[in-house]
Structure formats: C-alpha cells, structure tokens
1. Any chance you could count how many residues in region 36-59 are within 19 Å of Arg104 (Cα to Cα), part of a loop (DSSP other than H, G, I, E, B) and among the hydrophobic types (A, V, I, L, M, F, W, C)?
2. Return yes when Asp89 is loosely packed, with under 12 Cβ neighbours inside 10 Å, touching a Pro at 6+ places or on another chain (Cβ under 9 Å) and either assigned to a loop (DSSP other than H, G, I, E, B) or at pLDDT below 55 (or both) and no when it is not.
3. Between a first residue in region 180-206 that is more than 18 Å from Glu222 (Cα to Cα) and of a type in the set (Val, Ile, Thr) and a second residue that is in a helix (DSSP H, G or I) and modelled with pLDDT of 55 or more, which pairs have beta carbons less than 9 Å apart while being 6 or more apart in sequence or on different chains?
4. Does region 62-86 hold any residues that are among the small types (Gly, Ala, Ser), over 15 Å from Ile44 (Cβ atoms) and either touching a residue at least 24 places away in the same chain (Cβ under 8 Å) or surrounded by 13 or more Cβ atoms within 10 Å (Cβ to Cβ) (or both), and which are they?
5. Could you please give the count of residues in region 39-61 that are at pLDDT below 95 and surrounded by fewer than 14 Cβ atoms within 10 Å (Cβ to Cβ)?
6. Just one of (1) within 19 Å of the chain's Cα centre (by Cα); (2) buried (at least 19 other Cβ atoms within 10 Å of the Cβ); (3) farther than 21 Å from Pro39 by Cβ; (4) not acidic (Asp, Glu) trips up Val230, so point out which.
7. Would you say Arg272 is surrounded by fewer than 23 Cβ atoms within 10 Å (Cβ to Cβ), without any contact (Cβ under 8 Å) to a residue 24 or more places away in the chain and touching a Leu at 6+ places or on another chain (Cβ under 9 Å)?
Amino acid sequence: MPHATVAVLAAVLAATTLLPGCASGRTTSRSERRAATQPRGFVIAAGERVAVDVPVVTFLDAGGFDARREHRWFEADEILPDRPAAGCDTPRRFSARRGAAPPRTIDELRERLTQFVLHYDVAVTSRNCFRVLHDVRGLSVHFLLDVDGTVYQTLDLVARARHAGASNDVSIGIEIAHPGAWTSRERADHYYAGDGVRLAIPAALEPPRGGPFAPARGGWFEADVNGSRVFQRDFTAAQYDALARLVASLRREFPALREGPPRDGDGDVLRRALPEAERTTERGILGHLHVSPAKVDPGPAFDWARVAAPPN
C-alpha cells in the first residue's frame, strides 16, 4: 500500500477516536446526541447551579426578575404591594419552606420537592405577570415562561414561593404567559377581538396572524374544569418546547417529579381538584386546578402530552 494512503488512513482512525462515544468503543445514544445539540442553561437550587436543557434568565442576570427584592420592582420607592393578597402585606414576597426543618442543601431539596405546579398567568406577558405578582399582589413563583419561550427564574428553588396554597411547601411553581380561560365564549371572543390582547402584545395569540405568538394549535378548546365550562386558546409552540425541556431537566434532578399528572379511570388527565388529603401528597407534574378547586389553570387548551410524557 502506498505510504500516502497509509498516512491518510492513520489520520482518519486517529480522528475517529476523538468522536463522542468512540473512545470507549460504544456509540452515543439518541438522548446523548439530542442533549449535545440542545441549548443549555442552569437554574439555581440551594445556591447551586443545576444544568438544564433550556436557556434560563435567572434572578442574578441582567434582564431578569428578582422576587427576593423587598420593594416593588417597577416602583422602587414603594415597598409594600399595592393590593396584597390575604396575608401578603409584607416586604418579603417569599419565605422558608415549612416542615420539621427547612431544606438548605440540594440533597435536602431532593427529599422535599414533590410537585411542579403549572399556572397560566392571565397577564399575557411575563413582564406584566411579575408586575402583578410582585408589585400588586405580594405573591411569587419560581419560574415565568414568556410567550416566546423565554424562561425566567425569579427565586432559588430552596425558597417557598406564594403561588399554590398548601402546596407551596413542597412545590416548584411556574406561571405561563397567557390570557387565561373564560366561562363564556362570547366574553372570550370579545377579548380577542377587542383591546385585551393588543394592550399587552399587538396581535398576540391570534392564529390568523402567524408568527412567534401564534397558538400551537388553532381554534378554541373547551371543557368542564372543576365544575365550570371554560373556553381557551392554545399556548405557543415555543412555550411548549421550553417547558418540556425544563420539566425533563428538573425530573432528572428531583425524583418525585417523575410522576404525574393525576389521571382519571380512563387514563385522561384529571380535570378536577384532588381530594383535600391528597393535594399536598400527590407527586409529580400538576396543574393549579389539581391543588385548588377554585382554579382551572392551565386550562383545557393545555397539551399535557407535550410536557408530561414519561421520562426516558
């Protein structure tokens, strides 16, 4: 064999030993190849950075939202919330998780965190949602998910946020930017046809318009949720993609989140609140509707299959 050919083959063989998965003689898995091409970020849990498969704007980043601030975010000269929820007329919008001992380390968090609670924010954008939560109501949540798929972390996961009543001590909460759901189709049509959405984002969530704010699926979705017939349009494809990646990442870190959501006897996701005794003991991915009989979020349009598939 000519020396030049031997040299080329040697170079090729040497290069292949540097390929991922080849050095040990094994091939890379589909999940490894997918992870290698996904944008990466991190969330903060007990002061540590935990890798996730989606970019996250944390409360430490420029352009982020910091729920630890003991004053209004958009009116820094004011301290207390403008119209606080019951018991939330305080400078601090969060607290330590209650129990025998508040978790302080990520290992203790793995034992304590058993729920991931999904909300829609009825504020249309994450910026407006944070204004309402922090400045107006004195509430908080760990994550905000904007219409374009941007994920904001506003609190360390070790903190007890104010978003889901009794579940606050065991849960991570996320507010998904969305106009919400209506008990009347006429009121819903009026909102979308009038100034409701346009005041927040021009043409947001209008299927005929297309673009990044268009719902993932067109049309109206309706169902009976916690005893009310409600109508809703879908979330955006970017939101589903970001949420699915965030949920999958957190499931790897926090074992209890691998369960859920609650299902009925036919295998469909439950559209009513759990019995009171089970609202803090149920584990996994839940909707606000499952832990509060007065709530319907994330609503009938939410496509659970896109974010709550069994983990690999």
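The values are calculated or read from the model by the stated rules, or taken from the named source; none is laboratory data. It should be emphasised that the depicted structure is a prediction, and the values quoted were computed from it without experimental measurement. Heads up, the Cβs are rebuilt from the backbone with ideal geometry, glycines too, and the neighbour counts pull from every protein chain shown.
1. Qualifying residue count, region 36-59: 2.
2. Judged against the criteria, Asp89 is a match.
3. From residues that are more than 18 Å from Glu222 (Cα to Cα) and of a type in the set (Val, Ile, Thr), the pairs are Val197/Tyr191.
4. The first filter runs over region 62-86 and keeps only residues among the small types (Gly, Ala, Ser), leaving 62-64, 67, 76, 85-86.
Subsequent filtering for residues that are over 15 Å from Ile44 (Cβ atoms) retains 62-63, 76, 85-86.
Result: Ala85, single match.
5. Qualifying residue count for the region: 1.
6. The single condition Val230 does not satisfy is (1).
7. Answer is no for this residue.
For every residue, the table says whether it meets (1) part of a strand (DSSP E or B); (2) among the basic types (Lys, Arg).
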position	(1), (2)
Leu157	no, no
Arg162	no, yes
Ser167	no, no
Gly173	yes, no
Pro179	no, no
Glu186	no, no
Asp189	no, no
